[in-house]
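Participant: Just dropping this structure here.
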Amino acid sequence: MGKLLSWVLLIVLGWAIWKLVVITQRKQQARHAARGQPAGADSGANGAAEPRAVGQGELMVRCAHCGIHFPQSEALAGGEHRFCSPAHRAAGPRDHERARSDPAP
Ligand SMILES: [Zn+2]
């Protein structure tokens, strides 16, 4: 009987610790996201390179050359466009990226 009780206690204790870890991680993520927000980022005249806000406060931008989305902190600025890599910045924006204009949400 005492053995069963100790097992129940152990499971409850484990669950409580796991819950504490999850809550702590969530708080850290929220704090990190709040700090990582760029203040007063210039909004370019080009609508195609408009940064979009997603889930955890991380701004995503699109490469003007290949069109992939990536965090703004990793973006390379080239004029009014943003690029994912130095190679794509050197290659410049593609025509279809220039022509296409995403409607802002
Ligand atoms: Zn690219």
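The values are calculated or read from the model by the stated rules, or taken from the named source; none is laboratory data. Here the structure is a predicted model, which means the values were calculated and not measured. FYI the Cβ positions are ideal-geometry reconstructions off the backbone, even for glycines, and counts take in every protein chain you see.
Participant: For segment 1-33, enumerate the residues that are within 23 Å of GLY57 (Cα to Cα) and of a type in the set (Lys, Arg).
Facilitator: Across segment 1-33, the qualifying residues are ARG26, LYS27, ARG31.
Participant: Can you work out which of the residues in segment 71-88 that are among the small types (Gly, Ala, Ser) and within 19 Å of the chain's Cα centre (by Cα) is farthest from GLY57 (Cα to Cα)?
Facilitator: Out of the qualifying residues, it is SER85.
Participant: So which helices (runs of 4 or more DSSP H) are wholly in the chain and hold at least 3 residues that are within 16 Å of the ligand (Cβ to nearest atom) and modelled with pLDDT under 90?
Facilitator: The qualifying helices (runs of 4 or more DSSP H) are 95-99.
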